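Take a look at the structure set out below.
Please treat every number below as a calculation from the coordinates, not as lab data. If you're wondering where the values come from, they're calculated on a predicted model, not measured in any experiment. Here the Cβ is made from the backbone with ideal geometry for all residues, glycine too, and neighbour counts use every protein chain on show.
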Ligand code: BES
Ligand code: ZN
């Protein structure tokens, strides 16, 4: 087998590969918004057709939500069986006014730092998902067959909490079991160093609505005598952190481990430049627990953040209203053995305790996943790290991640399959934000990286 020939094929095919990615990005597969249900079906159909064009036995598989795409290829040849996961759904595009182009009319833009693929889903996760397919396309074209047995598993609900995922994995355990699950949905370290992510935080979402009066009131007629739910909500939110940045929910730090000496030494070696990281987004001061390092704040410490808040008049101008309700969407990132269900219970009890007379709280749960970690003792990890280093000409690193990919934990728990998290997205890709992009370098070298990894581990 000739890795050089496969890499050359990838280089030659880059323009066509880019066109294929742009085609997939034109599909508005926003999973959280029911208005885009048909678009999600269409994105799944697109992937099935693309896999089938490679001779892969691929199918769209229904779920109560958006469909899964599952495909099987390659021989049972004594080499490891790989499962590859990516998600074809994307985040909503709002606020649309802040985009410099139509988010679903993607294009290659030239920037001072090089060409980028601009549009919703470029980096999260359509561009990343296609890096693996393109590597295999080149492999098949050059070699005439597959390096090993490969299962493709694409999801369309990742950005909306993966409600159908666990039941689907439980029902299709035998079909999905593999030696390794390769997940392409993570970032490189500081946008320069290729990396394998070995720690992901868990995620707990809570939506809280506080209700006071039965209806909106005139704030002159009732102001002073009537309890205002916005005031109550503000008090609750202000009480969630102490002045050292610690989260105050009772029992919150149960199960939060201290860093091992080994990890601490490894992370010190990474010499994270937090000033540059924050400087890129107009900030300068790490705002988490004040006795923790910046890397700990994003990788190994749990957090509580308000993701949205509402109540009262928010239109143009001014309205003297005392609103009947106020609400907030609050998320917790979890680490170690923190138990999302215990935290949900304690958080709700803490808030209920703070409510003054006449106010009630109602709750909506939005997902609860534990943190996950991957041991790196299997030789496939060291081989993948070396393949990444060869492609990018810098030593690759093991890193943590602030984000959450609940499926990583499920692969381990349900299938017994170790997840290997490798991605080529960069910190400035603006995922979930306006003007999302994926560097052409990420796409091109990402495809080449997978070819090298496949060569190294099969
Ligand atoms: N690709 C991200 C996860 C990610 C972000 C990994 C940054 C590494 C660095 C993924 O699509 C995502 O955004 N996940 C959500 C969780 C989901 C349950 C909504 C997240 O982390 O907020
Ligand atoms: Zn993603």
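Look at 177, 333 and count the other Cβ atoms within 10 Å of each Cβ; fewest to most, that gives 177, 333. Take every Cα pair under 8 Å whose residues are at least 6 apart in sequence, average their separation, divide by the length of the chain, and the relative contact order is 26 percent.
From least to most packed, judged by other beta carbons within 10 angstrom and beginning with the fewest, 66, 285, 432 follow the order 285, 432, 66. Reported to the nearest whole Å, the Cα centre-to-centre distance from the stretch 363-389 to the stretch 186-232 is 28.
Relative to the longest principal axis of the Cα atoms of the chain, the long axis of helix 440-457 lies at roughly 60 degrees. Of interest is the spacing of the C-alpha centroids, which for the stretch 282-312 and the stretch 61-106 amounts to 29 Å. Put in line by how crowded their Cβ is, counting other Cβ atoms within 10 Å and starting with the fewest, 350, 25, 199, 221 read 221, 350, 199, 25.
Each Cα pair under 8 Å and six or more residues apart adds its separation to the average, and for the stretch 1-160 the resulting relative contact order is 33 percent. So what's the angle, to the nearest 10 degrees on a 0 to 90 scale, between helix 261-270 and the longest Cα principal axis of the chain? With rounding to tens, the tilt is 80 degrees.
Angle of helix 379-392 to the longest C-alpha principal axis of the chain, folded into 0 to 90 degrees and rounded to 10: 90°. Pairs of alpha carbons in the chain separated by more than 35 Å make up 34% of all such pairs.
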